[in-house]
Amino acid sequence: MKIETEDLEDREVQLTIEVPIERLQSAMRTTARRLSRETKIPGFRPGKAPYHIIISKFGEESVFQEALDDLGQEIYRQALDQSKLEPYGPGSLNEIVSRDPLVLRYTVPLLPEVDLGDYRELRIPYQEPEVTDEAFEETLERLRQSQALIEPADRSVQLSDVVVIDIRGELREPPDEESAILLDNKGIEVLVTEETDWPVPGIADHLVGLEASDETDFEYTFPEDYPSEDLRELIADFHIKIQEVKSRFVPEWTDNLASNIGEYDDLLDLRLKLRENLQKRAQQEKDAEFTQHVIEAIVEGATVNFPPLMLQEETDELMTELERSLQGQNLSLEDYMKIENKTDEELRNELEPRARKRLTRALVLGKLVEQEGIEVGEEEVDSEIDRIVAPFKEHSEALRKSFDNPMGRRRLTLDLLTNKAINRLVGIAKGEAAHPEETSEGDEVEIIPEEGNLEKE
């Protein structure tokens, strides 16, 4: 059996295989005997019809194609062994180059190839987050405002009131009929302050002094720097009817108000815990942002090649995830494509860039795990299961069964490996991990589900 190999792009190899004629003839005769056993042929016992009778009955082409099904797979396996290729997945028979001699051409997807480059030299400046006094006081004020006492008021609208209104807005010279109506809402609550900018800035000027059942009209010209380009320099006419006026009393800070808001001993306790929570949230947001930056940097510096089959499988997975998500909304994938006016091919093309990004990220992290020698022990998986089920108390054992099985433990192992790989990267980027043995895994970072984990390792 003669084999020629040719490297293709994107981690694929083309195998051109010449099959000895006697091997093809043997395969066709074996197929003919099988067809003879499976088919009732007048004048012959099962399996006893001569070869030329089988060929006459079924046709040489049909017997050839039947024989090729089994022979092709056998030839492919032997060619892989002989050429010492390590395929990622099943190859495909692309072409029958000739019949005499029989020459077959296969495309073989190879394992992905990842070069991380000099990732250990990666350094990204990290600045500890700070909660400013201004941000703290703004949050404290929003908390106080949320405790406002709102009651019906039998009087005209004043600043700081809440009004319930019906409002309609129309463009005076719309670009088309469909965009003529800007809004048409009833029973909308609006806080009347000088800062209120819905539906347009200065709305308070048109509300103050009105009473329940009053109506008013005004026009507004959208400025040339308005965020929505479609509305810039257009004129809109608004009509408002007041349904109800409500007074809004915001209490001053006291120890009693603080304790009523939550589990706080007094106002000082609230301020201390609020600042602590804001600092913790800022730290989490900063760490997540920094982590994403680090991952993007190492992916950008890596060279990743994978066969098209891997991208196809990742796109399939995204399609499956979308279908599951739609089922939660009582919507089928077919209905969704009809609504979006997309074909299956168009949807797959739309998902492909995301699939490519997720696959590349997973391969990079997988290579990092390999190069850094990162491992996850069974006891770590046990601890992770304990952590997940602990909040569910009486339902914890039932939930444990969904994780404590081969598939669930494998998924958790991959998640933990991803966490460790990302933590290792963050340590390297901060200059805290010059060598693998000096790296401390530290606290887990948040993994962004959309980006995937080490599933494609």
Pairs, first surrounded by fewer than 14 Cβ atoms within 10 Å (Cβ to Cβ) in segment 8-25, second in a loop (DSSP other than H, G, I, E, B) and aliphatic (A, V, I, L, M), C-beta under 7 Å, six or more apart: P20/M1
Could you check, for segment 176-194, whether at least one of its residues is closer than 16 Å to T221 by Cβ, in contact with a strand residue (DSSP E or B) (Cβ under 9 Å, 6 or more places away or on another chain), assigned to a loop (DSSP other than H, G, I, E, B) and among the small types (G, A, S)? no
Hey, L454 hits all of (1) surrounded by 13 or more Cβ atoms within 10 Å (Cβ to Cβ); (2) out of contact with any Asp or Glu (no Cβ under 6 Å at 6 or more places or on another chain); (3) modelled with pLDDT of 90 or more but one; which does it fall short on? (3)
First in segment 239-255 and within 26 Å of L182 (Cα to Cα) and assigned by TED's automatic domain parsing to the domain that holds G187, second anywhere and of a type in the set (S, T, N, Q) and part of a strand (DSSP E or B), Cβ under 9 Å, 6 or more apart: H239/T216; I240/T216; K241/T216; I242/T216
Being in contact (Cβ under 8 Å) with a residue 12 or more places away in the chain, surrounded by 14 or more Cβ atoms within 10 Å (Cβ to Cβ), more than 12 Å from R168 (Cβ to Cβ) and among the hydrophobic types (A, V, I, L, M, F, W, C): is that true of L182 here? no
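Okay, residues lined up against (1) surrounded by 12 or more Cβ atoms within 10 Å (Cβ to Cβ); (2) within 40 Å of the chain's Cα centre (by Cα); (3) among the charged types (D, E, K, R); (4) within 20 Å of T5 (Cα to Cα):
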| site | (1), (2), (3), (4) |
| --- | --- |
| I55 | yes, no, no, no |
| S62 | yes, no, no, no |
| Q65 | yes, no, no, no |
| Y76 | yes, yes, no, yes |
| E86 | no, yes, yes, yes |
| P90 | no, yes, no, yes |
| L93 | yes, yes, no, yes |
| V97 | yes, no, no, yes |
Matching residues in segment 133-157 - criterion: being closer than 19 Å to N260 by Cα and in contact (Cβ under 8 Å) with a residue 12 or more places away in the chain: T139, L140, L143, R144, Q145, Q147, A148, L149, I150
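Every residue, every condition in (1) farther than 24 Å from E141 by Cα; (2) touching a Leu at 6+ places or on another chain (Cβ under 9 Å); (3) aliphatic (A, V, I, L, M), yes or no:
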| site | (1), (2), (3) |
| --- | --- |
| S160 | no, yes, no |
| T193 | no, yes, no |
| A204 | no, yes, yes |
| A212 | yes, no, yes |
| F218 | yes, no, no |
| R248 | no, yes, no |
Only residues in segment 39-52 that are under 17 Å from A67 (Cα atoms) and not assigned by TED's automatic domain parsing to the domain that holds S26 count as the first member; pair them with residues that are at pLDDT below 85 and surrounded by 10 or more Cβ atoms within 10 Å (Cβ to Cβ), Cβ under 9 angstrom, at least 6 apart or cross-chain, and list the lot. none
Residue hits (segment 74-128; farther than 20 Å from L359 by Cβ, aliphatic (A, V, I, L, M) and in a loop (DSSP other than H, G, I, E, B)) are L85, L122, I124
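The values are calculated or read from the model by the stated rules, or taken from the named source; none is laboratory data. Because the structure is a prediction, the values reported are computed rather than measured. No Cβ is skipped: glycine too gets one built from the backbone with ideal geometry, and neighbour counts run over all protein chains shown.
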